[in-house]
1. Can you name the strands (runs of 3 or more DSSP E) wholly within region 175-274 that have at least 3 residues being under 18 Å from the mean Cα position of the chain (by Cα)?
2. Exactly one of (1) part of a helix (DSSP H, G or I); (2) among the acidic types (Asp, Glu); (3) under 25 Å from Ala18 (Cα atoms) is unmet by Glu52. Its number?
3. Just to be sure I understand the filter: pairs with C-beta atoms under 9 Å, separated by 6 or more residues or on different chains, first member in region 74-85 and crowded, with 18+ Cβ neighbours inside 10 Å, second member part of a helix (DSSP H, G or I). Which pairs pass?
4. Filtering region 163-182 down to residues that are touching a Lys or Arg at 6+ places or on another chain (Cβ under 9 Å) and surrounded by 19 or more Cβ atoms within 10 Å (Cβ to Cβ), which residue is farthest from Phe286 (Cα to Cα)?
5. Looking at this structure, is Thr28 in the same structural domain as Pro123 (by TED's automatic domain parsing), surrounded by fewer than 22 Cβ atoms within 10 Å (Cβ to Cβ), over 18 Å from the mean Cα position of the chain (by Cα) and among the hydroxyl-bearing types (Ser, Thr, Tyr)?
6. Taking only pairs six or more apart or across chains, which ones have beta-carbon atoms under 7 Å, a first residue in region 279-291 that is over 30 Å from Leu80 (Cβ atoms), and a second residue that is at pLDDT 95 or above and in a loop (DSSP other than H, G, I, E, B)?
7. Go through region 95-114 and count every residue that is farther than 18 Å from Pro140 by Cα and of a type in the set (D, E, K, R).
8. Look through Ala65, Ala33, Ala44, Ala20 and report the one residue that is within 24 Å of Val128 (Cα to Cα) and either without any contact (Cβ under 8 Å) to a residue 40 or more places away in the chain or in contact with a helix residue (DSSP H, G or I) (Cβ under 8 Å, 6 or more places away or on another chain) (or both).
Amino acid sequence: MKHSIDHLVLCVNDLDRARAFYERLGFTLTPKAQQPFGTANHLAQMQGSFLELLAVADANGVPVAGPGQFSFGAFNAEFLSRRQGMSMLVFPSDDARKDQRTFADRGLDTYEPFDFSRKARLPDGGEVTVSFSLAFVTHPRAPDAAFFACQQHTPQYFWKPEYQRHANGARTVVEVLMVDDVPARLADFFGRLLDPDAVAIDSKCLRITLDGGAITVLDPRQAQARCAEIELGDMNEGPRLVGFGVAVEDVDRVVAILQRGGIPFHRMDDRLQVTPRDAFGAIIEFTAVGKSC
């Protein structure tokens, strides 16, 4: 598994409303795609990473998880029964089955690899089949967060330059935000999932360095200092994913887009923040390319 961000799963109750909102943010989205396990999505492809807006489209088509099996549809449907927001963090893979064996050898909670295909609409209107293999990992203290390695078997059909050009100048996902009552307790988990040398603990947070990005785990006080309007709820529910940062070509261009779209935001030095109250449960931050997250 590569130590970089492949994509984020952002669960929403109303996919059409979420699509319209992300378009107002300045993102170009792929056409709606139906997945074979009861969910549907739109994607915002960037340079090597993407956002996945996901909703349950057919509740009757969501499979129940079996022994040793992870149900992508059931996990996200259960997530949406409690809240909207980021449910999953995904890493790119060249061999999902090898990753699954590695995860198991490291003592992580893992499941049988999962393969699936779906139809995808090309920019010229044509239709192709894209295929994936997934290797899932969960943490017993984090029922609202899951992680997986994603192997693409047909990347030539998936990644399209036309979908990677955004009015807001979005380039890539550079940071993932989590919150936990004691961030240091996740150090061992991320050390086994990724690399112990990538994990650092200081007085501020737990920080996991990735290729081209980072995962930042904050405690509740730090999370509220970062975003005063975050709704933490009951921290007894365990650690969870709460937001993400996107590198953009020009922060001022994003300011103009947000103002034109009537989207409230906060400006903090060279970072713009849209709060979860306005952004379907997730903190969204925009920062200039080359600035540290």
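The values are calculated or read from the model by the stated rules, or taken from the named source; none is laboratory data. If you're wondering where the values come from, they're calculated on a predicted model, not measured in any experiment. Here the Cβ positions follow ideal geometry from the backbone for every residue, glycine too, while neighbour counts run over all protein chains shown.
1. Details: elements: 199-201, 206-210, 213-218, 240-248, 266-268, 271-274.
Fully inside region 175-274 and qualifying: 206-210, 213-218, 240-248.
2. With (1) part of a helix (DSSP H, G or I); (2) among the acidic types (Asp, Glu); (3) under 25 Å from Ala18 (Cα atoms) applied to Glu52, the lone miss is (1).
3. Ala77/Ala59; Gln84/Ala18; Gly85/Phe79
4. Among those that are touching a Lys or Arg at 6+ places or on another chain (Cβ under 9 Å) and surrounded by 19 or more Cβ atoms within 10 Å (Cβ to Cβ), it is Asp180.
5. On the way: in the same structural domain as Pro123 (by TED's automatic domain parsing): yes; surrounded by fewer than 22 Cβ atoms within 10 Å (Cβ to Cβ): yes; over 18 Å from the mean Cα position of the chain (by Cα): no; among the hydroxyl-bearing types (Ser, Thr, Tyr): yes.
When the stated conditions are applied, Thr28 does not pass them.
6. Within 7 Å, the pairs are Val289/Glu249.
7. As a first pass, look at region 95-114 and keep what is farther than 18 Å from Pro140 by Cα: 95-99, 101-102, 113-114.
Pick out the ones that are also of a type in the set (D, E, K, R) and you get 95, 97-99, 101.
Qualifying residue count for the region: 5.
8. On the way: Ala65 fails: within 24 Å of Val128 (Cα to Cα); Ala33 fails: either without any contact (Cβ under 8 Å) to a residue 40 or more places away in the chain or in contact with a helix residue (DSSP H, G or I) (Cβ under 8 Å, 6 or more places away or on another chain) (or both); Ala20 fails: within 24 Å of Val128 (Cα to Cα).
From the options Ala65, Ala33, Ala44, Ala20, the qualifying one is Ala44.
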